[in-house]
Every structure is written in C-alpha cells, then in structure tokens.
1. Using alpha carbon centroids, what distance separates region 354-412 and region 262-319, in Å?
2. Could you give the length gained by full extension between Thr139 and Ser6, i.e. 0.36 nm per residue of separation minus their alpha carbon distance, to one decimal place?
3. How many nm separate the modelled label positions at Thr190 and Glu281, each set 7 Å beyond the Cα in the direction of the Cβ?
4. Fewest first, what order do His332, His196 take by the number of other Cβ atoms within 10 Å?
5. Excluding residues on the same chain fewer than 8 positions from Lys170, give the aspartates and glutamates whose Cα lies under 16 Å from its Cα.
6. Using a 7 Å offset from the Cα along the Cα-to-Cβ direction at both Val214 and His330, what is the distance between the two label points in nm, to one decimal?
7. With runs of 4+ DSSP H residues as the only contributors, calculate the mean residue ellipticity of the chain at 222 nm using -39,500 (n - 2.57) per run, divided by the residue total and rounded to the nearest 500.
8. What number, in percent, do you get for the relative contact order of region 329-410 if the mean sequence gap of Cα pairs under 8 Å and at least 6 apart is divided by its residue count?
Amino acid sequence: MVRAVSASHLRAIDEKLVGFRTRNDFSEIHSTKTQGVFAARDWIVAQFQKIAATTGGRMTVRLDTYVQPKLKFTPRAVTESSVIATLRGSEPGRIYVMSSHYDDCNGNCTDGLGVAPGADDNGSGTSAVLEAARVMAATHFRGTIIFACFDGEELGLWGSAHFAKEMAAKHAPILADLNNDIVGNSKTHTGRSVFHTLRIFSEALPVGAKRRLVNLLGTENDSPSRELARFIVSTDKLYLPHLHIQEIFRADRFLRGGDQESFQDAGYPAIRFTEASEVFEHQHQNVRVQNGIQYGDLPQYIDPRYLAQSTRANVAALATLALGPAAPTHVHIVLAHLGYTTTLRWHRSADAAGYEVLWRKTDAATWQHVRAVGNVTTITLPISYDDDLFAVRSVDASGLRSVGVFPTPVRK
Ligand SMILES: [Zn+2]
C-alpha cells in the first residue's frame, strides 16, 4: 500500500482541485459544474464513488451537510458540506479517521468570488486523503477507516467540529484522527530543501484533564493524542527510513489551529501532519506579483514527491492501526504498597499474541525502552514508578503493534 502511492496521481488530483478556481466557503452559492467549492465537493464525491465501486460494498460515501449560521465576522449564513467515505472493517468498536479540509481561502476568507487556488492549503491534504483511499481500498481491515474531506475549516473548523460532535453524540469509537493540512511543499521560504522532514502536532492535555492529577501522576506529556503521535513516528520509521517526523509538542502551530482539534475537543485522540516549513507568501494570499515576489497558493510550489511521502506516512500508520491488534484496555499501575518495583496490569485485546511494556525517564521525549513480556496480563518490572513513565501495547501474530496505552493507578 505504501509503495502504491503515486506522485503523479497526487499531482493530477491537486491540479484538478486548483482548477475549480476557488473553494472558498462563500463560493457555494456561485458554484457551477466546474467552478466553486461545491463543484470541487461533487468531484471529490465522484472520486470516492469510483473507489467505492471496487470494494464490494465495503466503502460507502456520504455528505455531512448543514447550515452554519451567520457570525459576527461572516456576511451571512452559509451551507457547509463535508465528504465522508467509510471503509468498513471486520471488527466493531474501532474507527480510524484520515482527514483534510478541501475548502480554501485567498487573502480574504469570506471572498466567494476571487481566485483562491489552495494548492497546498489544502489541496495537498485532500489529494493525500483521496490517494490513500485509492491504495487502501482493496485491503480488508479489522478496523473501519473513515476518509474525510471537511468543508468550513478556514473560518473556524466548522465542518470537522460538526462531524466530530455528531460522532461523539453517537459514542462512535474513534481511536485516531490523522489530519493533513499543508503537506505538499518541500522547501523553506529561502528555497532550502527540507524534503526529509514532516511535522506532527499533538495536544498536551486531553479534555477533562485535572491540574491536581496531571501534577500528581506526571501525565503532561502523555495524552492519548501524544501516544498516537509517538506510535506514528515509530511505525513510519519501519516503512520510510529516510523520513524524519519532527514531533511538535503542541496542539498546532503557535496560536493557530486545525481540524484535529475538533476531534480532540470531542474527546478523540488526533494529530496534525504539516510540512516541515510553511511558506507564508503562498498561504491565504491573493495571487499577484509584488516587488518581484510571486504570492498565492499555486500548484508550482507543490513537490509531488514530497506530497507522496506525506501520503505514505499516513498510509503506513493508518494501515498498521486498522490491520493490527487492538490496544490493551484497563491498563493500570497497581499500587499495593510503596516499593521499588512497578506492577502493570491490563485486559487482553482480542487480536493480541502478546504485549510489550514501554518506558522512559520523565524528562525523555520518547520511549527509551521496550520489553516483550509474552501473552500475560500483568508484569512486575524492577523499575521505580517514581522516576519512569510506562505504557503497554499489543503485538499480534504478524508483529504489528498497537498504540501504547498510558496506565492509570489502581490500589490492588
Ligand atoms: Zn489549512
């Protein structure tokens, strides 16, 4: 699946998306068959339907459409319409999302008429989602995969918030969202290549984190979203050894946001992928040349090989999540009395052939040690829980691993 990702397909998808002239949210009433946000939406639906036709009914495609009321900074109410393609897996209780937003923006995010190419923000992410769906559709997964192209990101994460809230209200078991936003450019603003780096963002504290407990247990660097990020980094090393995924311990770029936050706000683990170095002359700009500088989010600034690499980073992680074993549940540190060892206990996951314990010093960013402990559900290690952090993950018969689960304390 990783190998099947095609740079030329990605280029063609991205250029097609740019060809709709604008995908601004407020172009919805101006949309024709070939121009505007809903022309783009209908084309995305048609691409997913072509893929779905090859899956023997396992993939279904729908729209998540609603009216976003007028806000202080918007000119009027506006219809938002996200595209949701669901590839059904064999096991209930496990949903993994790969997402992007397909709406875009020039220098004015409520300009429904002006040109807004959006090649990188976020034609790139949307191309990645469509290409991942194409290369993954033939595989029968344990988990269900949702390929989502959201509308309404640019003005306030509207489409993703609508979707994530609805899923949370239905108690849908979403175990991960891999959000892709600006993943197609391989150069810094000075033209230096940063081809081999991709950034991954994850929040520090999940919904409901309590200050006293965070301080007491030292969980400030181990939210479920952050364990997901660590899982992705370690998994992708196996498939893309030349790619360095830079972990940014932030929900998003400084003071900015993205659709992964809608999932986090709904209580779901989520991360954001973004290229190593954004070029601000090419984002949210009217297309123009000023003082000899070309502004605008144009397709010539997309590196299809880099976009293919970003797509592969998603495919490797998403396929491992959905094919691999479910993570252990009820993972606890058992505190019988003060001691010099750490006892961990968990519930078996149906697909696991065994388990591994991960640990690290509290000042280490990523897991430093791993120990295979066999097919048991409790283990005592000669390591003090005062100085180290732990997680437990499942391993299946083919060697696929789950996300590590951070334990909570229990007495006995
Ligand atoms: Zn964006």
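Readers should treat all values here as calculations from the given coordinates under stated rules, not as data from a laboratory. Not measured: the values here are computed from a predicted model. Ideal geometry is used to build each Cβ from the backbone, glycine not excepted, and the neighbour counts take in all protein chains shown.
1. 34
2. Gain in length upon complete extension: 46.1 nm.
3. Taking the two extended label points, one gets 1.4 nm.
4. His196, His332
5. Asp64, Asp265
6. My value for the distance between the label points is 2.9 nm.
7. Taken over the chain, the calculation gives -7500 deg cm²/dmol.
8. Details: 175 pairs, mean separation 30.3, N = 82.
Rounded, it is 37 percent for region 329-410.
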